[in-house]
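First the structure, in the form of structure tokens, and then the observations on it.
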Amino acid sequence: MGFGKYLVVRLLNALVVLTIVTLVMSSLFVKVAEKDLENTIVQQVNAEFQSLQQQGKTPEDPDAWRAERIAYYRRQYHLDKPYWWRVQYYFKNTLTFNFGKTKNPVFGSEKDVLAILKMAIPRTIQLFTTAQIIIITLGILLGVKAAQMVGSLFDRALSVLALVMSSIPMWWFGMIMLLIFSFKFGWFPSRAIPDPNLTGWAHILDILKRMTLPVATIVIVSFGAWAWVIRNIMIGTMQEDFIMAARAKGVPERKVIYGHALRAAAPPVVTMVIMSLLASLGGAIITESVFTWPGMGRVYWIAIETNETNLIMGLTFVNVLLYLAGVIIADLAYGFLDPRVKVGASENM
Amino acid sequence: MRWVDFKESLSSFWSDFRRQKSGLLGLLLLFLFIFTAATAPMITSPDIPEKWQGFWLDNPKNVPPIWINAFSSQTMASHLIIEGENLQKLITKTDSGYLIEAEYNNEYDVPPQDIVIKDLSGKTTGGKPSITVIVKRPDGKEVTLIKNYKFSGSLVLQLGTHPQVRDNLLKWIKSEGIYIDPLQEFQYRTLMDAAKVIFGQLNENILDNPDSLKGTYKFTILVNVPEGSSVSFDNAKVIFTGRAYGWLGTDFKGRDLLAGIIWGSRVSLVIGISVAIVSVLIGIFYGVTSAYLGGWSDELMMRFQEFMASIPSLPILILMGAYFGGHIKLWQIVVLLAIFGWVGIARVARSMALQIKEQTYIEAARVLGASTGRIIFKHMVPQLLPYAFAQMALSVPSAVLAEASLSYLGLGDPTAVTWGQILHDAQAAGAAVNGYWWWVIPPGLAIALVGLTFVLIGTALDRVLNPRLRRL
């Protein structure tokens, strides 16, 4: 099977997943939104009634007027349509990024869900790419080092660190970092929103200072596990025959490790890079809210605390989309780097 | 399998496992956790879950644990409640009512926050009963804090913030010849921390920055009961609200955090273990069935597995939380986490089962006419049990973390006491930026410790049961 066909199959697979997940999400969402909309309608009708009263134009039969207005708004919000019609309506809206508006403004005065997401995503990426680049560099360096001296003190210390860190909630560690470096020593600001009065270099320095704690949190919690996995992959590769052959040829050890072994270990490492990028997005969503970093995580926190159903739906969809995109890229990278992998080849593995 | 064989394999397993030091440490921690969880109602009190959501009015808010006094230069007053028999001993009956004489030994650099006289209940038909509080300080001065304060029904008297107490204290300070800036007098009248003044050294700093006067204070509480009325002291309490409380301090509702941590261990263990067992069992059966059936069913089952694997779990769980009205019940969390938990295990179980499937004894069983179910349950799944046990232990930490994360986001079960929920409250109250370390550190440490316990057990099991891994 050629690479082109492989690509098409992976893409189709992802599209099917996206469609089904969105459909399930929409059918759940319609239920949640219904209660929400009914409350909104009652509030709107009450507000209208009061303003009419103030103008001295109180309707003659308030109950009939109320029922008529409520019916009008129910039509407006499509609440009179059957359940499945609404599900497909939301399904189409979601697929076309038409998420609607929030009840209360988020990030200043913004009420449009799509605009809020457009503001939040770059901020999240800014935090994560920085953290992940540091994690990957540290992970590969330390992992390779540990694989070179299996059983040494350094190797064992790394394993213990990976073990301990994997059971710590990242967001809790962030709270501890805040407690120590922001409250106790006062070295870093506790809020992530940059000072609007600064410009130029001072502004960039300000942002860097505010990024330090969140980035440090993510790096410290994740790099151990990373280094440990790289170590295991490298140990596997170092036992292969071609490494022995390279050594026997007299290739210098540095070149054996970085030129031969690391290159052979590349496919799983690349997949891991992408998959861990995606996985960290979940854990880091919560970490963000600890530092009030105004990205996706913060928006999630706000959406849940203030019960913004439209926002939760939009966030979930974008997250699923990002995740699936990542999965495809990981698959493609693997297929590109390791020609042994083909669709269906897993049957014989 | 015969009982003798089972006993033998168990004892040989144990002799292997005994050599894993980290596994034994994990086992010890596990026993400690199970002990704590099981005895929670005995160690604390059985009504904690019902009380948990409300305010604990008798306790001080946001105060650190008592043992902090050992490390800081200033000792802080601990919490003291005089109630029940201890209080009844202090009550004497007089002609016009009752007299309570309470002694308080202030040996702290930071005196109590408040003095609260609580839950005296008066029944009135004629005149209302009234209360007078006089304090005799160690320096010999006597101050009337509140005089003839009338009450009916249940009385809650907070001396530290009561306006009449502030007035009386200001009058007393003036009569002792200390100058009070008239411009600031109004401010003192409304904002003064009266408890600090009551327990303060009498000098010109007494209003702004009083030093604690150590020694024994005698509080005389006179309750005047007119004809036809009565006062009951059955539930009465005199509380010297502390600046430190218990082993782990309190949070913004005055809740004892130690009780929260102890009760939280129940939820954490139950959810972690049940999610791990359910999802590993589903994964194993799914993988083995898929491998044994082969062909189209295998293809279909693996497509479904791939589909499940490419759904990000946390966002979907959050959406589910919103769907269940913002709060997911504990059993719902177990189901949801199990739905996303079996996926990875199914894949590995399938590839292991593919090897087992080719063994001759499976072929023999098939020739003998064994049904598909019998072959899968009786001959194939038992072969995977060692792997399953190790995986169960290793899946617990992520389940515990997931539950804590959901609770932290405020989507947890509101009727249960969980560690994630304590941290959610801490985050909502800004505990980290306000320096309430006793509120932030213990729940997270507990989560990490449960995780570590099962990682230790899991890796040890893995090494014992899957000998191929031993060399690494």
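Straight-line reach from B:K51: taking Cα to Cα under 20 Å and skipping same-chain neighbours fewer than 8 places apart, the lysines in range are B:K61, B:K118, B:K237, B:K253, B:K329.
Using the Cβ-Cβ distance between B:I180 and B:L90 with R0 = 30 Å, the FRET efficiency computed as 1/(1 + (r/R0)^6) comes to roughly 0.30.
Is segment B:26-71 rounded, prolate or oblate when judged by the Cα gyration tensor, a ≥ b ≥ c being the square roots of its eigenvalues, rounded requiring a/c under 1.5 and prolate requiring a/b larger than b/c? Cα axes put segment B:26-71 in the oblate bin.
Can you tell me the alpha carbon radius of gyration of segment A:202-338 divided by the globular rule-of-thumb value 2.2 N^0.38 Å?
That works out to 1.42 for segment A:202-338.
Our helix-only sum for chain B, with -39,500 (n - 2.57) per DSSP H run of n ≥ 4 divided by its residues, gives a mean residue ellipticity at 222 nm of -16500 deg cm²/dmol.
Of all alpha-carbon pairs in segment B:67-138, indicate the percentage at a distance above 18 angstrom. Show your work: numbers first, answer last.
Values: 1416 of 2556 pairs.
Considering segment B:67-138, 55 percent of its Cα-Cα pairs are separated by more than 18 Å.
The amide H of A:F99, built 1.01 Å from its N in the peptide plane, has A:L114 as neighbours under 5 Å, considering only residues 5 or more places off or on other chains. Two numbers describe the Cα atoms of chain B: Rg and Dmax, which are 32.2, 108 Å. Each eigenvalue of the Cα gyration tensor of the protein assembly as shown, multiplied by 5 and square-rooted, gives one semi-axis; in descending order these are 59, 35, 29 Å.
Computed from backbone phi, the HN-Hα couplings of segment B:242-254 come to x, 9, 8, 8, x, 7, 10, x, 10, 9, 6, 9, x Hz, rounded to whole numbers (Karplus: 6.51 cos²θ - 1.76 cosθ + 1.60, θ = phi - 60°; Gly and Pro given as x). The stretch between A:R247 and A:R66, if pulled fully straight at 0.36 nm per residue, gains 56.5 nm over its current Cα-Cα span. Over the C-alpha trace of segment A:39-191, radius of gyration and Dmax come out as 27.9, 89 angstrom. Cross-link pairs exceeding 25 Å between alpha carbons, from the set B:K89/B:K174; B:K93/B:K218; B:K128/B:K171: B:K89/B:K174; B:K128/B:K171.
Calculated translational diffusion coefficient of segment A:21-127 (25 °C, 0.890 mPa s; Stokes-Einstein with Kirkwood radius over alpha-carbon pairs) equals 150 µm²/s. Of B:R374, B:R243, the sequence from fewest to most neighbouring Cβ atoms within 10 angstrom is B:R374, B:R243. Normalised by the number of residues in chain A, the average gap of Cα pairs under 8 Å and 6 or more apart makes the relative contact order 25 percent. Projected onto its three principal axes, the C-alpha set of segment A:144-236 covers 54, 27, 18 Å, listed from the longest axis down.
Starting from the exponent 0.38 and prefactor 2.2 Å, build the expected Rg for segment B:1-92 from its residue count and divide its actual Cα Rg by it.
On the way: Rg = 24.2 Å, N = 92, 2.2 N^0.38 = 12.3 Å.
Taking N as the residue count of segment B:1-92, the ratio is 1.97.
Relative contact order, percent, of chain B when contacts are C-alpha pairs under 8 Å separated by at least 6 residues?
It rounds to 22 percent for chain B.
Please work out the ratio of the alpha-carbon Rg of segment B:355-472 to 2.2 N^0.38 Å and round it to two decimals. Intermediate values should be presented prior to the final figure.
Values: Rg = 22.1 Å, N = 118, 2.2 N^0.38 = 13.5 Å.
Rg over 2.2 N^0.38 Å, computed on Cα atoms: 1.64.
Which log10 I(q)/I(0) values, to two decimals, does chain A give at q = 0.08 Å⁻¹ under the Debye formula with one point per Cα? These q points yield log10 I(q)/I(0) values of -0.57. Across peptide B:441-452, the average count of Cβ atoms from other chains found within 10 Å of a residue's Cβ is 4.
The label point for B:H327 and the one for B:S297, both projected 7 Å from the Cα toward the Cβ, are 4.4 nm apart. With viscosity 1.306 mPa s and temperature 10 °C, the Kirkwood radius over alpha carbon pairs of segment B:252-388 converts through Stokes-Einstein to a diffusion coefficient of 92 µm²/s.
When you count, for each residue, the other Cβ atoms within 10 Å and take the mean per peptide, how do A:167-175, B:257-265 rank with the highest first? Don't jump to the answer; show the numbers that get you there.
Values: A:167-175: 24.9, B:257-265: 23.1.
For the peptides A:167-175, B:257-265, the packing ranking is A:167-175, B:257-265.
The ranking of A:Y72, A:Y323 from fewest to most other beta carbons within 10 Å of each one's beta carbon is A:Y72, A:Y323.
Over the Cα atoms of segment A:24-69, each weighted equally, I'd like the Debye log10 I(q)/I(0) at q = 0.31, 0.32, 0.33 Å⁻¹, rounded to two decimals. Ignoring solvent entirely, the Cα scatterers give -1.06, -1.09, -1.12.
When you restrict to C-alpha pairs under 8 Å that are six or more residues apart and normalise by the size of segment A:1-138, the relative contact order lands at 21 percent. For segment B:186-287, the alpha carbon convex hull comes to 271 Å³ per residue, rounded to a whole number. Would you list which aspartates and glutamates come within 14 Å of A:K101, measuring only between C-alpha atoms, while excluding same-chain residues fewer than 8 positions from it? Reachable aspartates and glutamates: A:D36, A:E110, A:D112, A:E308.
Is there a simple number for the mean count of other chain Cβ atoms within 10 Å of the Cβ of residues in B:417-430, and what is it? Write out the running numbers ahead of the final one.
Details: counts 0, 0, 2, 3, 0, 0, 5, 1, 0, 2, 10, 2, 0, 3.
The per-residue average across the peptide is 2.
When you look at the Cβ of every residue in B:379-388, what mean number of other chain Cβ atoms sits within 10 Å? Spell out each step's value before the answer.
Details: counts 0, 0, 0, 0, 0, 0, 0, 0, 0, 0.
Averaged over the peptide's residues, the number is 0.
Every number here is computed from the coordinates shown, using simple stated rules; none is lab data. Just so we're clear, the structure is a prediction, and the values are computed from it rather than from any experiment. Counting neighbours? That spans all protein chains shown, and the Cβs are built from the backbone with ideal geometry, glycine included.
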